[in-house]
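Data block below; observations after.
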Amino acid sequence: MNDSGGAAKTVHLHIGTMKTGTSYVQGNLEHSRHALARAGVLYPGSVGAAVHEVLEKHGARHVGDTSGAWDELASKVRAWDGSGVIVSMEFLTLASSEQAQRIVASLQPADVRIVLTVRDLSRTIPSAWQQTTKNRQTASWSEFLAALTADAVGSERTREQFWRHHDLARITRTWSGVVGPDRMTVVTLPPRDSPSTVLWERFCAATGLDSADYPVAETSRSNSSLGFAEAEMMRRLNLELGRDVDQASYRRLVTGLISRRLLRRGAEPTPAAVLPVHVHEWAVQRSNEAVSDLRALGVRVVGDLTELVPPPVGDDQRAFDDSAAPVASTVAESDVATVAVRAVAALVTRLAELGDAEARGGGHANAGEVGERRGGRGRPERRDQPEVRAERQAVRRAARAVDLPPA
């Protein structure tokens, strides 16, 4: 195989946006990886390091050295002698016009096409806020909403970060300006009560796949959102921690262990945060503007652009009128306490498991018991005292965050 042999193939870049089922889509692609390859379609798997490099996000968290990663990926794509390639990474929405041009040029002479998954703001905004609490941010739900809807002094960074990921007109204009509107497809997420397979069926339609040939994985990976109480507990924990814990430890212990594992163990999440009516009305206005912009840009649509407009406030939608605004901007203390107790109990259980593993292994846990800590390097980490102390500190701080008696 060589770089000159790929002129006939099609490369689909799935660029996001964030919080639009991208992990679910990527999980299904991974599940069907071998079947896709047999059909002539390459799915190269996780491409985070390559995307971070090409977007010049040097020193990005959890990625490490990215030198040459994009060139390696592009070379693999160009050398593929099948009919197509699908690359999926939601940070590609952050690309500037110059970066998008460079990305597309590096994959040619293949026919590069863009797929953008999108959903309505009434679901995107709560999901984006809870995501900030998993990444060390401390803005409350009401503060986050105020930052998005008003030009408040001091909220510029929050507002800028949100719209960098979710300004659909800008993202579509950037990428369609490089590949042409006829080579860009917007896939709308179906309404909340739709079957879980609809998004995958739409993604397959956008990329020329027959969804019947690639069934949804029974345990398809998804980046599930935290409920309101869980996110609020995480926010308070962030306040308590401050900057006392280094970033690597935070990602391992708080983002990885607490938010992704312990808060989801053995219980359904609490209901998600919802938009107060005045914010809901603002979201409807912004969404209608986005729909008009997308129609004017003339890109292909799979689904229906009207699905981007939040449904009217009613009994079947968890939105509140202005008289109940405090309900929408705060969460019951009893719910936060219940979640915190569950997290502390799970942490204690985890510490006990580590202690047992150390006792059996003479100070080392075996590979299976510390798999989530290996970083995929194929060797277990040492269970040295600093890490154990860090987990014990996490237990105590989680308790203090909700004024519970420390263990």
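We did not get these values from a lab; they are worked out from the coordinates using the rules stated. Please read all numbers here as calculations on a predicted model, not as lab measurements. Glycine also receives a Cβ, built like all others from the backbone with ideal geometry; neighbour counts cover every protein chain displayed.
Below is a table of values for the structure above.
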item	result
Environment charge of residue 36, counting only residues whose C-beta is closer than 14 Å and scoring Lys/Arg +1, Asp/Glu -1	0
Residue-count net charge about residue 86 - beta-carbon cut-off 12 Å; Lys, Arg +1, Asp, Glu -1	+2
Residue-span extension gain [residue 39 to residue 157] - 0.36 nm each, minus C-alpha spacing	38.0 nm
Under Karplus coefficients 6.51, -1.76 and 1.60, residue-wise ³J(HN,Hα) of region 196-208 in Hz, glycine/proline x	5, 7, 4, 4, 5, 4, 5, 4, 4, 4, 6, 9, x
Shape of region 69-157, Cα gyration tensor, a/c cut at 1.5	prolate
Distance between modelled label sites at residue 247 and residue 210, nm, 7 Å Cα→Cβ extension	4.7
Pairwise label distance in nanometres, residue 198 with residue 8, each label 7 Å out on the Cα-Cβ vector	3.8
Where labels lie 7 Å past Cα in the beta-carbon direction, separation of residue 351 and residue 81 in nm	5.9
